[in-house]
Amino acid sequence: MPSTNRIVYFEGTGKGAEKFNIDKLVHEEVHQLVWFYTPSRSHCRLHLFQEGIAEFFAGTTRKAYTNDKGERSYNYTFRGKLKQRMKHLKQARQTHWFSYEELLQIGTKADLDRACRKKAGEDEGARASCGALFYAEAWSLIYYLWHHKDGIYRDKLIEYAGLEFEGKTG
């Protein structure tokens, strides 16, 4: 909830209720950090970067353990592969793939919605698949830049992130 600077997360146990999802929670927390470091949303130029970096850190695992005192705690691992996004990428060649040039033209959520409507028409299911594919492509680009050849592009990605937070990209 950007207007209140709070992360709001709903979970429940009733029919149709969403269960705790660490990936989604971390994704939203990353958006909050980006918001914190870029007080004006206009500073982050690319929706690709905003969602790609949030998805990148959302590759999180949480494993419970009991410590020496018998207290339950958790170990977290960040920046892992997102199985859900890998599945979307495997389906990509059969659906509404965005070229790299198209990805760079998507500056906002509204731009993504327009691009998906253009690619998928009025079918809401197809538009949702198109949007999921965008998130998968955004994640895979950031994941690649971080991990490829032991991080050969990592310094450039970090430099770009700093420029993005300062509004000096685009």
Next on the checklist: Which entries of 119/168; 24/63; 63/109 have Cα-Cα distances beyond 23 Å here?
Outcome noted: 119/168; 63/109
Item to check | Spacing of the two label points (7 Å from each Cα toward its C-beta) at residue 160 and residue 97, in nm | outcome: 1.9 nm
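The numbers here are math on the coordinates, done by the rules we state, and not lab data. Worth saying up front: this structure is predicted, and the values here are computed from it rather than measured. Ideal geometry is used to build each Cβ from the backbone, glycine not excepted, and the neighbour counts take in all protein chains shown.
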